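The values are calculated or read from the model by the stated rules, or taken from the named source; none is laboratory data. Predicted model, so just to flag it, every value in this text is computed and none were measured. Ideal geometry is used to build each Cβ from the backbone, glycine not excepted, and the neighbour counts take in all protein chains shown.
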Amino acid sequence: MRSVLLRRFFPPGRAFTLIELLVVIAIIAVLVGLLLPAVQKVREAANRMKCQNNLKQFGVACHSYHDANGYFPPGALEIPQVTYSWDGDKGSWLVCILPYMEQENLYHTFPKISQPKYNSVANSPMGGPLAGRLKLPYGRCPSDEYDANAPVCNYVGSCGPQCQGVGNCAYDPFEKYCDPAKNALGDWGYSASPPYGDGAPAGQLRGMFFRTSQGRLRIADVPDGLSNTLLIGETVVAENSYIQRGGDFAYQGGNWAFGNGGNNIATTLVPINYKLTPKSYCHLDNSNNPPNPKGDPARSVDNWALEFAFKSRHSGGANFVFGDGSVHFVGETIDHKTYQLLGCRNDGQAVSLP
């Protein structure tokens with residue numbers, strides 16, 4: 001009786017045929033295919049906004065540093081100019097601004113900051129084993145898929161069109177832009193300069209950052225105007241071996257704190273988003289061995305003439321914070337001369353973004 005009632009009130013439904021089931025699956029697949037790009041677009045928009053916010057905070061911190069010290073944070077501190085031994089390394093600009101980024105506790109992990117000729121980085125957690133190195137809380141662009149736990153930073157200080165010197169891979173097609181007149185490009189308002197700013201006085205620094213100069217740059221030293229001068233931009237870690245190994249094979253895995261870690265010498269000489277091939281080497285691989293096989297110098301991540309460049313995982317360009325603290329997305333198709341003039345603080349040609 002019970003089964004009769006069940007059949008009366010709940011008659012068995014007709015099952016799907018195989019063709020109907022395939023049609024339903026196909027429809028779902030089409031809908032997912034239509035939805036996925038929209039989801040990815042929303043995710044990338046959120047990542048780009050977070051990246052821009054990181055840069056905004058860097059810009060504010062640099063100005064707070066200037067207010068407290070009378071000059072912008074240097075590329076690195078306490079570096080012997082003759083021996084380049086780095087024995088007095090107090091850290092990169094990323095260390096300098098920690099107190100102005102609400103990171104006092106992290107700043108105090110670097111001992112004896114005020115003691116001359118003492119290596120505060122080597123004697124901090126950042127100088128120890130990879131597992132003990134600390135991440136920079138705001139140091140990563142979420143669009144960069146490189147190991148999220150690596151102690152590296154996507155954000156690099158601009159040295160503008162500062163010369164890069166003799167390359168290590170015999171391929172440096174963009175070096176001509178550091179001395180335009182000499183290379184028959186015309187007078188762009190600046191000339192040749194010491195590579196990376198090493199040992200240079202402030203007057204010979206083309207951009208806002210450098211590696212070992214004892215020069216200090218003030219707002220007054222940017223006659224082109226802060227709103228027309230690049231301050232900090234982003235890079236892709238997988239395409240910069242120097243950042244991956246902290247500038248030193250002893251720091252394999254990365255070290256954002258090291259004064260020679262690569263976060264202070266990004267150049268405008270190389271076009272935005274110039275592509276390099278991850279894990280391709282033309283000089284030395286990340287284990288300090290000659291690569292076998294040797295990579296194409298035009299695409300190798302250890303070519304000094306190419307790796308210190310601005311780039312991103314955002315489509316079409318990269319984010320920058322300018323000297324006035326404003327954040328802009330600069331397209332990779334920007335006129336290359338305009339790009340150099342935005343990188344140079346005192347070329348006398350106050351160009352702005354097109």
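Let's see how each residue does on (1) touching an Asp or Glu at 6+ places or on another chain (Cβ under 9 Å); (2) basic (Lys, Arg); (3) closer than 23 Å to residue 205 by Cβ:
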position	(1), (2), (3)
271	yes, no, yes
287	no, no, no
301	yes, no, no
306	yes, no, yes
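To keep it simple, each residue is scored yes or no on (1) modelled with pLDDT under 95; (2) aromatic (Phe, Trp, Tyr); (3) within 30 Å of residue 105 (Cα to Cα).
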{"site": "130", "(1), (2), (3)": "no, no, yes"}
{"site": "137", "(1), (2), (3)": "yes, no, yes"}
{"site": "151", "(1), (2), (3)": "no, no, yes"}
{"site": "184", "(1), (2), (3)": "no, no, no"}
{"site": "191", "(1), (2), (3)": "no, no, no"}
{"site": "195", "(1), (2), (3)": "no, no, no"}
{"site": "202", "(1), (2), (3)": "yes, no, no"}
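Within region 278-294, the set of residues being under 19 Å from residue 246 (Cβ atoms) and touching a residue at least 12 places away in the same chain (Cβ under 8 Å) comprises 278, 279, 281, 283, 284, 285, 286, 287, 288. Taking region 184-227 as the range and being in contact with a Gly (Cβ under 7 Å, 6 or more places away or on another chain), crowded, with 19+ Cβ neighbours inside 10 Å and of a type in the set (A, V, I, L, M, F, W, C) as the test, the residues that pass are 200, 205, 208, 209, 210, 222.
Would you mind finding the one in 112, 135, 176 that is surrounded by fewer than 16 Cβ atoms within 10 Å (Cβ to Cβ) and assigned to a loop (DSSP other than H, G, I, E, B)?
After applying the criteria, what remains is 112.
Picking from residues in region 138-156 that are of a type in the set (D, E, K, R) and surrounded by 17 or more Cβ atoms within 10 Å (Cβ to Cβ), the one that is farthest from residue 100 (Cα to Cα) is 144.
Would you call residue 214 in contact with a Ser or Thr (Cβ under 8 Å, 6 or more places away or on another chain) and in a loop (DSSP other than H, G, I, E, B)? Quick ask: steps written out before the conclusion?
Working: in contact with a Ser or Thr (Cβ under 8 Å, 6 or more places away or on another chain): no; in a loop (DSSP other than H, G, I, E, B): yes.
No.
When we screen 287, 326, 280 for residues that are over 22 Å from residue 196 (Cα atoms), at pLDDT below 95 and not hydrophobic (A, V, I, L, M, F, W, C), the only hit is 287.
Any residue in region 140-150 that is out of contact with any helix residue (DSSP H, G or I) (no Cβ under 6 Å at 6 or more places or on another chain), over 14 Å from residue 257 (Cβ atoms) and among the polar types (S, T, N, Q)? Yes, that holds for at least one residue.
Do the conditions hold for residue 121, that is, is it closer than 23 Å to residue 207 by Cα, modelled with pLDDT of 90 or more and β-branched (Val, Ile, Thr)? No, not satisfied.
When we screen 160, 167 for residues that are at positive phi and either surrounded by 20 or more Cβ atoms within 10 Å (Cβ to Cβ) or touching a residue at least 60 places away in the same chain (Cβ under 8 Å) (or both), the only hit is 160.
Identify, please: which residue in region 319-353 is among the β-branched types (Val, Ile, Thr) and either touching a residue at least 24 places away in the same chain (Cβ under 8 Å) or in contact with a Cys (Cβ under 6 Å, 6 or more places away or on another chain) (or both) and is, among those, surrounded by the fewest Cβ atoms within 10 Å (Cβ to Cβ)? Quick ask: steps written out before the conclusion?
Initially, region 319-353 is screened for residues among the β-branched types (Val, Ile, Thr), giving 321, 327, 330, 333-334, 338, 351.
Narrowing further to those that are either touching a residue at least 24 places away in the same chain (Cβ under 8 Å) or in contact with a Cys (Cβ under 6 Å, 6 or more places away or on another chain) (or both): 321, 327, 330, 334, 351.
Values: 321: 25, 327: 19, 330: 23, 334: 16, 351: 18.
Top of the filtered list is 334.
Does residue 315 satisfy the condition of being surrounded by fewer than 18 Cβ atoms within 10 Å (Cβ to Cβ) and out of contact with any His (no Cβ under 6 Å at 6 or more places or on another chain)? Judged against the criteria, residue 315 is a match.
Figure legend. Inter-residue proximity from region 68-91: first residues farther than 17 Å from residue 200 by Cα and modelled with pLDDT of 80 or more, second residues among the β-branched types (Val, Ile, Thr) and crowded, with 18+ Cβ neighbours inside 10 Å, beta-carbon distance below 8 Å, spacing 6+ or different chains. Indicated pairs: 88/79; 89/79; 89/121; 90/121; 91/121. The single residue among 201, 173, 194 that is more than 27 Å from residue 288 (Cα to Cα) and of a type outside the set (A, V, I, L, M, F, W, C) turns out to be 201. Among the residues of region 240-276, how many are part of a helix (DSSP H, G or I) and out of contact with any Ser or Thr (no Cβ under 8 Å at 6 or more places or on another chain)? The qualifying residues number 5. Total residues in region 307-326 satisfying the condition of being aliphatic (A, V, I, L, M) and under 10 Å from the mean Cα position of the chain (by Cα): the figure is 2. Within region 235-276, if we keep just the residues that are in contact with a strand residue (DSSP E or B) (Cβ under 9 Å, 6 or more places away or on another chain) and free of Cβ contacts under 8 Å to residues at least 40 places away in the same chain, the residue that is surrounded by the fewest Cβ atoms within 10 Å (Cβ to Cβ) turns out to be 274.
Got a sec? Which of 294, 311, 279 is at positive phi, of a type in the set (Lys, Arg) and outside any strand (DSSP E or B)? Walk me through how you get there before you give the answer.
Numbers: 294 fails: at positive phi; 311 fails: at positive phi.
None of the other options fit; the residue is 279.
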